[in-house]
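As structure tokens, the structure follows; a few thoughts come after it.
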Amino acid sequence: MGSEEEPKEGFPKMMNPGKATILALGKAFPHQLVMQEFLVDGYFKNTNCDDPDLRKKLSRLCKTTTVKTRYVVMSEEILKQYPELAIEGLPTVKQRLDICNDAVTEMAVEASRVCIKKWGRPISDLTHLVYVSSSEARLPGGDLYLAKGLGLSPETQRVMLYFMGCSGGAAGLRVAKDIAENNPGSRILLATSETTIIGFKPPSADRPYDLVGAALFGDGAGAMIIGSDPVLSIERPLFELHTAIQNFLPDTEKTIDGKLTEEGISFKLARELPQIIEDNVESFCEKLMATVGLTDKDYNKMFWAVHPGGPAILNRIEKRLDLFPEKLSASRRALMDYGNASSNTIVYVLEYMIEEILKKKKQQKKESQEEESEWGLILAFGPGVTFEGILARNLTV
């Protein structure tokens, strides 16, 4: 750590002592893969709906979301067992939670195991657990069931973040960073897990906004391990988490509006959400970048790991910040392959980001190009409207 020699090939760059780092990533999905081109027929068949106008609208939305594939817990088997889920107006929250509670735990356990295996240290070295979900509700919470499923020590210190929506993954990363930096030697498992069954509904002309969710959202789980001062003989840090902030925008709480009712969760996304994000994203980014002296002139030298809430949000950010198209390619790829999987999606974006960074480094060495900045931003937007942001350093070589 104290050496000033150039890092060797395959070893991480010099890190700042005490700063939190992401040490491993993992993901998991349910078995049901949905191809976007077949979604409309399957959805209308499974819900016994034959409204031609709604069918046309969903067909249009399926194209504009840019999603190609998604994984979902919902299946024909579940609908056969619980046919009431496809019927308008029935009280089904108990059935939904029974399915969701088991599904999110199963996916979180699988993603965590993948992450722990990549990390390379024994599970007994984990000291803390941060668990994030907007897809379940129970006491005790999913954090305990995840800890039990993994066989974590009863002394593992747990934090649970519920109903933070799309900003939940970045919020969990901010919390894990604080824990790591205030507890030397700690190793934090951050797990996120989501399923859309909690809000699954048949198409209705009275709820046209539900069709956006049907065309956009997916299920899955993500996991990260966070800690400061990595043991370089075992651990391979990916990103250093330099500065993390959260801001909410006053008087925008109805822009992303969700309620847990007897029929499950109902969501409303206001049309002005992409515009609100565009109007506020630049000043938010500037706050983070100013901590290390970066300015708007550095936008296209940095990496951008942005939660893909939808193509309109990514397009607005790209336009406002005048980003090169490739700057948001990791976000667009995650959206295309997995849909908007709520809190999980930032994990998928970071995996694609690492892949692209390594590919670009090989190309730069081959063509003797100037290397890009090691700095970048991790961004997500959720109910509030809440902005989550982390200024990060790429540590991969």
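From the alpha carbon gyration tensor of the stretch 119-259, can you work out the equivalent ellipsoid semi-axes (sqrt of 5 times each eigenvalue) and give them in Å, largest to smallest?
Values: eigenvalues 209, 64, 37 Å².
Semi-axes from the Cα gyration tensor: 32, 18, 14 Å.
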Quiz prompt | Per-residue ³J(HN,Hα) for the stretch 381-388, Karplus 6.51 cos²θ - 1.76 cosθ + 1.60, θ = phi - 60°, Hz, x for Gly and Pro | solution = 9, x, x, x, 5, 10, 9, 10
Quiz item: Dipole magnitude of the stretch 190-345 about its Cα centre, charges +1 at Lys/Arg Cβ and -1 at Asp/Glu Cβ only, in debye to the nearest 20?
Solution: 280
Practice problem: Can you tell me the 0 to 90 degree angle between the C-alpha axis of helix 329-338 and the longest principal axis of the chain, rounded to 10? | Solution: 40
Practice problem: Evaluate the Debye formula for the stretch 20-228 with equal point scatterers sitting on the alpha carbons, no solvent, and hand back log10 of I(q)/I(0) at q = 0.09, 0.11, 0.12 Å⁻¹, in q order, two decimals. | Solution: -0.39, -0.56, -0.65
Quiz item: Helix 273-289 sits at what angle to the longest principal axis of the chain, using alpha carbons and giving 0 to 90 degrees rounded to 10?
Solution: 10
Quiz item: In terms of modelled amide H atoms, which long-range or inter-chain residues lie less than 5 Å from the amide H of VAL130?
Solution: VAL159, LEU189, LEU190, ALA191
Quiz item: Considering the alpha-carbon set of the stretch 213-319 alone, what are its Rg and its Dmax in angstrom?
Solution: 17.9, 52
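Accessible area of the chain with a 1.4 Å probe: how many percent of it is carbon plus sulfur?
On the way: 9540 of 17950 Å².
The C+S portion of the solvent-accessible surface of the chain is 53 percent.
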Exercise. Would you please put 133-140, 317-324 in order of how densely packed they are, using the mean number of other Cβ atoms within 10 angstrom per residue and starting with the highest?
Key: 133-140, 317-324
Exercise. Take peptides 111-120, 193-202, 45-54 and line them up by average Cβ neighbours within 10 Å, highest first, as a rough protection proxy.
Key: 193-202, 111-120, 45-54
Self-check item: Unit charges at the beta carbon, dipole of the chain: most positive-side option, SER112, THR386, GLY169
Solution: SER112
Exercise. Considering only protein heavy atoms, with the full assembly of protein chains and a 1.4 angstrom probe, order GLU253, GLU181 by accessible area, largest first.
Key: GLU253, GLU181
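For the chain, with every protein chain kept in place, what is the accessible area per residue (1.4 Å probe, Å²)?
Numbers: 17950 Å² over 397 residues.
With the other protein chains kept in place, the chain gives 45 Å² per residue.
Just the number, please: Stokes-Einstein D of the stretch 239-394 in µm²/s, Kirkwood Rh from C-alpha pairs, 4 °C, 1.567 mPa s. All intermediate terms of the calculation are to be shown ahead of the outcome.
On the way: Rh = 16.4 Å.
The diffusion coefficient I find is 79 µm²/s.
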Quiz item: What is the spread of the Cα atoms of the chain along each of their three principal axes, largest first, in whole Å?
Solution: 67, 49, 41
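The values are calculated or read from the model by the stated rules, or taken from the named source; none is laboratory data. Quantities reported herein were computed from a predicted structural model and do not represent experimental measurements. Counting neighbours? That spans all protein chains shown, and the Cβs are built from the backbone with ideal geometry, glycine included. Ligands, DNA and RNA are stripped out before the accessible areas are found, and what is left, the full protein with its side chains, is counted by its heavy atoms. Shrake-Rupley method; radii C 1.70, N 1.55, O 1.52, S 1.80 Å.
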